Amino acid sequence: MNRELIIATRNTHKAQEIAAILPACRIRTLADFPNLPEVEETGRTFAENAALKARQISARTGGLALADDSGLCVEALSGMPGILSARYAGEHGNDDANNRKLLAELSALRSLAPFRAHFVCAMCLARDGQELAAFTGCLPGRITLSPRGANGFGYDPLFVPDGFSCTLAELPAEKKNAISHRAKALEQVAAYFDAEGDALSHTPFP
Ligand code: ITT
């Protein structure tokens, strides 16, 4: 099946991971719609922000839109950076600065280690501005104060998934894409596509 799907993201790393996990879909991203205005992420939860992005992008493009709102929640920081993950240190999408800030904060709390944490990925599928379904994936693990690895993006060099001794950034992309919070949410998306059958297959791009 070659389902047409607009991934409502400007984050190329997310888009690449989603495309790799959903090879049966023909994927576009917001890079293909350069004139669309930014969606303001004013929600209080990952799920609210995913719904905002999916509804607005589906309404503006006329296509079937899938949004991903995701981030890292650290128990010792009461769930921060959470929905602020992309702009934790101030500048949106500055992964190095975000990682440095997280390391500085946790270094000051060293006596509380190990630092339990989890990644969350909330996804929302929408068409014509209406939410069709919502999905969530979670990846539990811990934060290491010794960043390692060059793969992936974001907080991957600091995150050791449960059952592993290496960081997400030390895993090859195929392995991350088999275990990640994003992969878990996308498993549910794929099951939804299977269950809905042809009803969603023929949404043409404008
Ligand atoms: P869009 O809203 O355009 O999709 P964004 O990067 O702003 O892009 P989010 O608001 O969902 O998206 O923030 C996601 C941030 O969470 C991301 O910038 C990373 O800091 C972090 N993050 C999410 N998934 C991650 C992953 O798989 N590995 C490492 N960090 C991740």
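The values are calculated or read from the model by the stated rules, or taken from the named source; none is laboratory data. What you are looking at is a predicted structure, and each value in this text was computed from that prediction instead of being measured. Because the Cβ atoms are built from the backbone with ideal geometry, glycine has one as well, and the counts that use them run over all protein chains shown. For accessibility, only protein heavy atoms count, side chains too; no ligands or nucleic acids. Shrake-Rupley method; radii C 1.70, N 1.55, O 1.52, S 1.80 Å.
Computed on the chain, with alpha-carbon pairs under 8 angstrom and 6+ residues apart, the relative contact order is 21 percent. GNM remark for the chain: springs join alpha carbons under 10 Å apart, and the peak mean-square fluctuation among Pro37, Pro157, Pro172 falls on Pro37.
Taking 4 °C and 1.567 mPa s as the conditions, I'd like the Stokes-Einstein D for region 20-122 in µm²/s, using the Kirkwood hydrodynamic radius from alpha carbon pairs. It diffuses with D of about 83 µm²/s by this estimate.
Each peptide in 125-136, 21-32, 104-115 receives the mean, over its residues, of other Cβ atoms within 10 Å, and ordering these scores from highest gives 125-136, 21-32, 104-115. In this structure region 30-135 gives 48 Å² per residue of accessible area when probed at 1.4 Å with all protein chains present. Surface composition of region 31-94: carbon and sulfur atoms hold 49% of the protein heavy-atom accessible area at a 1.4 Å probe.
Normalised by 2.2 N^0.38 Å, where N is the number of residues, the alpha-carbon radius of gyration of region 42-182 equals 1.10.
Here, region 1-59 has an Rg and a Dmax of 11.9, 36 Å when only alpha carbons are counted. With runs of 4+ DSSP H residues as the only contributors, calculate the mean residue ellipticity of the chain at 222 nm using -39,500 (n - 2.57) per run, divided by the residue total and rounded to the nearest 500. Helix-only estimate at 222 nm: -9500 deg cm²/dmol. Rounded to the nearest 10 degrees, the inclination of helix 46-61 to the longest alpha-carbon principal axis of the chain is 30 degrees.
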